[in-house]
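The values are calculated or read from the model by the stated rules, or taken from the named source; none is laboratory data. As the structure is a computational prediction, the values presented were derived from the model and not from experiment. Positions of Cβ are generated from backbone atoms using ideal geometry, with glycine treated the same way; all protein chains shown enter the neighbour counts.
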Amino acid sequence: MSVQAPVIKDLGSSLPESVRRYTPPPRFYPVIATFALFVGMFGAGTIRYEGFSSPQVILNLFVDNAFLIVLAVGMTFVILTGGIDLSVGSVVALSTMIAASTLRAGWPAPLTIIAVLLTGSVLGLLMGLVIHYFEIQPFIVTLAGMFLARGLCYLISVESIPIKNETFTSFAMGTIEVPGGHFITPAVVISLVVLVIAAWALHMTRFGRTVYAVGGSEQSALLMGLAVARTKVGVYVISGFCSSLAGLLFSLYMLSGYSLHAVGMELDAIAAVVIGGTLLTGGSGLVLGSALGVLVLGTIQTFISFDGNLSSWWTKITIGVLLLVFVMIQRIFTRRPA
Amino acid sequence: MTQMSAAPAQATRTAEPVVEMSGVSVSFPGVKALQSVGLTLRPGEVHALMGENGAGKSTLIKALTGVYSIDEGTIIVGGEPRTFSGPAESQAAGISTVYQEINLCTNLTVAENMLLGREPRSFGRIDTREMNRRAGSVLARLGVDIEPRSLLGSHPIAIQQLVAIARAVDIDAELLILDEPTSSLDADEVVKLFEVMRTLRDEGVAIVFVSHFLDQVFEISDRMTVLRNGRLVGEYVTADTTQLQLVQAMIGRELETLEKIERQAEQNTVRATGTPLMEVLDLGRKGSVEAVDLQVFEGEVIGVAGLLGSGRTELARLLFGADAADHGDIQLRARRTKLRTPRQAIDQKIAFSSENRRSEGVIGDLSIADNMVLALQASRGWLRPLPAKTKERLVTQYIDALDIRPTDPHALMRNLSGGNQQKVLLARWLITEPELLILDEPTRGIDIGAKAQIQQLVADLAQQGVSVVFISAELEEVLRLSDRLVVMRDRRKIDERSNDDVSVADVLEIIAGEVRDDA
């Protein structure tokens with residue numbers, strides 16, 4: 001380095017060196033906001049209701065929403081590429097139906113699990129292929145997938161099918177002790193493992209970086225020679241896989257398969273992702289945020305069950321208001337000076 | 001600057017070319033886009049690729065990078081004949097292209113953008129620390145002092161452009177193609193870009209520089225290749241070439257022959273007296289046109305000449321409010337007026353016919369009649385539909401007056417020839433009875449007969465007292481019609497004169513910037 005390269009100045013160099021050199025990446029801001037919201041809501045609950053601050057209440061947020069966390073993680077991948085997956089709720093229902101009916105038919109539990117996960121992934125793969133190669137909006141394709149999966153449920157049975165398989169029931173009843181005399185379920189562990197793997201994949205692999213690049217600008221990603229097709233199809237496979245896994249967790253939670261399970265759950269998942277700070281236009285957001293989004297939704301429900309006088313519709317009203325506020329905040333964040 | 005850059009050109013004259021294209025032809029259905037074109041690129045040189053719009057510059061670049069396949073000719077890269085099947089393959093061979101619109105992801109960090117798809121990995125995961133270090137060292141090599149971990153979107157366009165170049169450099173590009181890199185940069189930013197280009201050139205990288213700005217080309221390039229209508233005009237050493245010679249090569253006529261072209265038009269009486277219909281002072285917009293002063297008098301035809309990218313279209317858009325001006329005043333009929341939207345301009349009886357006939361004017365699935373009354377209907381508001389009788393009367397009148405074929409008002413617009421479509425668009429604005437008509441390239445791509453009719457129409461309108469701003473790439477046409485001449489270059493108005501005895505050669509000299517000194 002004997003040649004002194006010309007130094008380009010005045011790029012914000014008026015700031016002190018230490019400030020200019022490092023600030024927490026702005027991509028964490030929305031997640032910090034969601035976390036603050038969660039803490040704030042929980043604090044309000046603690047002040048208002050006795051027993052709200054018990055550690056078991058917090059653990060129950062995970063216990064009751066493990067399937068939704070898995071669903072939201074899968075949805076985050078899709079939304080990061082700028083897509084949307086409306087089929088996830090129906091795929092959850094279809095998964096519970098396939099699980100319940102195959103178990104009733106006497107399939108061993110592992111085979112059932114593989115069948116369910118395969119069904120979800122293949123459905124995701126098909127939708128992804130149609131979206132990418134036929135250049136059809138994800139909204140329409142996954143809407144079709146939503147109707148298809150829901151319809152398949154009725155094809156299997158219109159009645160609710162109870163799950164009596166021993167592996168399933170013992171797993172569903174099983175609890176894991178945590179210090180302090182509290183407990184979580186195996187489903188919580190599975191959801192957290194999914195969360196960690198997803199975060200690792202998004203930030204530590206080329207696939208993950210390409211997900212963000214496609215969400216930022218698909219055209220640019222293409223011109224940079226990235227594997228756009230594989231990535232775009234891949235996120236729908238991931239979402240399909242996560243939906244069927246969430247379906248398995250949900251069937252453990254309900255111990256039944258039913259066509260009317262998880263109606264509208266895709267919207268809960270989308271709401272959690274958006275409240276978690278992921279931009280619907282793609283390219284920005286973290287899976288951790290989506291998990292926090294799920295916890296925020298769970299806290300609202302806890303509020304209502306603690307109060308006892310509030311109608312459960314307040315859940316929907318609060319989610320609606322929060323969604324609107326978050327989307328507006330995002331808009332302000334992302335608006336560039338013209 | 002030219003002397004400085006001339007030195008490496010001398011030094012490396014004998015160096016082995018990085019890329020040698022010869023006899024390259026490319027054709028699209030019905031069009032020969034390139035005919036037997038050659039291009040030789042040597043290491044350590046900035047090579048400007050020049051030509052008017054449609055000359056084949058981008059086709060040549062795309063033929064080189066494998067976006068288009070070539071019909072004939074050879075491409076020798078690094079001493080071996082190659083044919084690339086796509087950008088990825090040419091990239092692997094050391095050819096990197098940075099496009100005019102930056103193709104990076106603003107939502108990722110600078111380092112991620114530079115190394116996307118080539119991230120350093122250890123144990124199967126991306127090594128972020130190594131990635132930032134590598135990006136930082138490339139940026140330092142180019143003298144770009146920014147934090148690799150910062151978001152790309154937080155930097156100005158010029159820096160993003162440099163990051164795009166840094167990405168190309170990290171690929172170990174032996175050839176860097178910059179397609180109009182300066183079109184969205186201001187003067188300071190261009191200086192920075194040129195510093196980086198010189199650094200790379202001195203390291204032995206061959207650079208192709210495509211630009212419409214003559215000054216920039218003369219400042220940075222060592223050699224130039226000029227194309228015209230898909231054919232090679234020649235290769236020139238920048239230091240031995242004058243701007244006038246370059247302009248002639250691009251436009252394609254020798255001065256002597258141009259001087260012989262007889263001006264057939266009778267001189268219009270110049271009516272530049274009294275209060276101007278429109279007067280603009282210091283009107284400009286960042287990145288489009290710098291401060292322009294202009295007066296338009298009633299019944300006057302103002303011709304605007306300039307090369308593509310000189311700001312002639314941008315000026316028209318400002319006058320019509322299609323782009324809002326950043327600064328400057330507009331006075332209409334001696335009253336200060338703001339024109340921020342086309343609607344306001346239309347209310348002030350200004351009409352604008354765009355150069356992009358297809359995308360900004362013609363509505364192909366509507367009939368001639370519907371296309372014609374569009375502007376009038378819009379200015380009336382949708383609550384007061386035009387009576388069917390009036391519409392019919394107006395439409396038949398203008399189909400007659402402008403000799404539009406077919407004469408059936410219900411014929412679909414998309415079935416008309418270019419010339420007839422243009423006439424319908426003119427009729428659309430004439431129906432609104434404008435006092436100022438801005439015509440951007442009204443005769444482009446239409447046959448000679450229709451061209452003459454449109455020119456005649458402009459002259460007649462001026463006789464009737466309509467003021468016209470007439471923009472055209474064809475200098476003869478501009479000179480034939482206009483009372484006063486405005487010459488644009490590098491987004492500035494560089495000259496204005498009344499059209500007495502101005503020849504095409506004079507205009508070329510003005511554009512080339514050689515009259516400014518002694519005028």
Which residue is surrounded by the most Cβ atoms within 10 Å (Cβ to Cβ), if the candidates are limited to region B:113-141 and must be touching a helix residue (DSSP H, G or I) at 6+ places or on another chain (Cβ under 6 Å) and at the interface with another protein chain (Cβ under 7 Å from one of its Cβ atoms)? B:LEU116
Considering region B:367-394, residues that are touching a helix residue (DSSP H, G or I) at 6+ places or on another chain (Cβ under 6 Å), farther than 27 Å from B:THR313 by Cα and among the aliphatic types (A, V, I, L, M), and then whichever is surrounded by the fewest Cβ atoms within 10 Å (Cβ to Cβ), we arrive at B:LEU386
Select from region B:44-54 the residues that are of a type outside the set (D, E, K, R) and in contact with a helix residue (DSSP H, G or I) (Cβ under 9 Å, 6 or more places away or on another chain) and list them in ascending order. B:GLY44, B:VAL46, B:ALA48, B:LEU49, B:MET50, B:GLY51
Do we find that B:GLU80 is of a type outside the set (Val, Ile, Thr) and within 13 Å of chain A (Cβ to nearest Cβ) in this structure? no
Which of the strands (runs of 3 or more DSSP E) found entirely inside region B:266-361 contain at least 1 residues meeting this: without any contact (Cβ under 8 Å) to a residue 60 or more places away in the chain? B:278-285, B:289-296, B:327-332, B:335-337
Can you tell me which residues in region A:57-79 are more than 11 Å from the chain's Cα centre (by Cα) and either closer than 15 Å to A:LEU286 by Cβ or of a type in the set (Val, Ile, Thr) (or both)? A:VAL57, A:ILE58, A:VAL63
Looking at (1) facing another protein chain (nearest Cβ under 10 Å); (2) touching a strand residue (DSSP E or B) at 6+ places or on another chain (Cβ under 6 Å), find the lone condition where B:GLU195 falls short. (2)
Can you confirm whether region B:399-409 contains a residue that is within 26 Å of B:LEU315 (Cα to Cα) and either surrounded by 23 or more Cβ atoms within 10 Å (Cβ to Cβ) or of a type in the set (Lys, Arg) (or both)? no
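Residue by residue, here is whether (1) modelled with pLDDT under 85; (2) crowded, with 17+ Cβ neighbours inside 10 Å holds:
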| position | (1), (2) |
| --- | --- |
| B:PHE194 | no, yes |
| B:THR199 | no, yes |
| B:ASP202 | no, no |
| B:ILE207 | no, yes |
| B:VAL226 | no, yes |
| B:LEU232 | no, yes |
| B:GLU254 | yes, no |
State whether one or more residues within region B:169-186 are within 8 Å of chain A (Cβ to nearest Cβ), crowded, with 19+ Cβ neighbours inside 10 Å and of a type outside the set (Gly, Ala, Ser). no
Specify the residue that is surrounded by the fewest Cβ atoms within 10 Å (Cβ to Cβ); the eligible residues are those in region B:83-93 that are touching a residue at least 12 places away in the same chain (Cβ under 8 Å) and within 12 Å of chain A (Cβ to nearest Cβ). B:GLY86
Residues that are within 18 Å of A:PHE77 (Cβ to Cβ) and either away from every other protein chain (no Cβ under 11 Å) or of a type in the set (Ser, Thr, Tyr) (or both): find the helices (runs of 4 or more DSSP H) completely inside region A:201-269 holding 2 or more of those. A:206-216, A:228-254
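Every residue, every condition in (1) under 25 Å from B:GLY465 (Cα atoms); (2) modelled with pLDDT under 85, yes or no:
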| residue | (1), (2) |
| --- | --- |
| B:PRO385 | no, yes |
| B:ALA388 | no, no |
| B:LEU394 | yes, no |
| B:PRO409 | no, no |
| B:ARG414 | no, yes |
| B:ASN420 | yes, yes |
| B:ARG428 | yes, no |
| B:ILE438 | yes, no |
Do we have B:THR238 as crowded, with 21+ Cβ neighbours inside 10 Å, hydroxyl-bearing (Ser, Thr, Tyr) and modelled with pLDDT of 90 or more here? yes
Among the residues of region B:462-471, are any assigned to a loop (DSSP other than H, G, I, E, B), surrounded by fewer than 16 Cβ atoms within 10 Å (Cβ to Cβ) and out of contact with any Asp or Glu (no Cβ under 6 Å at 6 or more places or on another chain)? yes
Inter-residue pairs, beta-carbon under 8 Å, first assigned by TED's automatic domain parsing to the domain that holds B:MET50 and closer than 17 Å to B:VAL26 by Cα and in region B:213-236, second crowded, with 20+ Cβ neighbours inside 10 Å and among the basic types (Lys, Arg), 6+ apart: B:LEU227/B:LYS57
Take the residues in region B:94-112 that are surrounded by fewer than 20 Cβ atoms within 10 Å (Cβ to Cβ) and modelled with pLDDT of 85 or more; name whichever of them is nearest to the other protein chains (Cβ to nearest Cβ). B:THR106
Taking only region A:36-75 into account, find how many residues are of a type outside the set (Gly, Ala, Ser) and outside any helix (DSSP H, G or I). 3
Do we have any residue at all in region A:40-58 that's crowded, with 19+ Cβ neighbours inside 10 Å, modelled with pLDDT of 85 or more and in contact with a Cys (Cβ under 9 Å, 6 or more places away or on another chain)? no
When A:ILE79 is evaluated against the numbered criteria (1) within 14 Å of another protein chain (Cβ to nearest Cβ); (2) touching a Lys or Arg at 6+ places or on another chain (Cβ under 9 Å); (3) at pLDDT 95 or above, which criterion, by number, is the only one it fails? (2)
If we keep only residues of region B:44-70 that are aliphatic (A, V, I, L, M) and in a strand (DSSP E or B), then the residue modelled with the lowest pLDDT is B:MET50
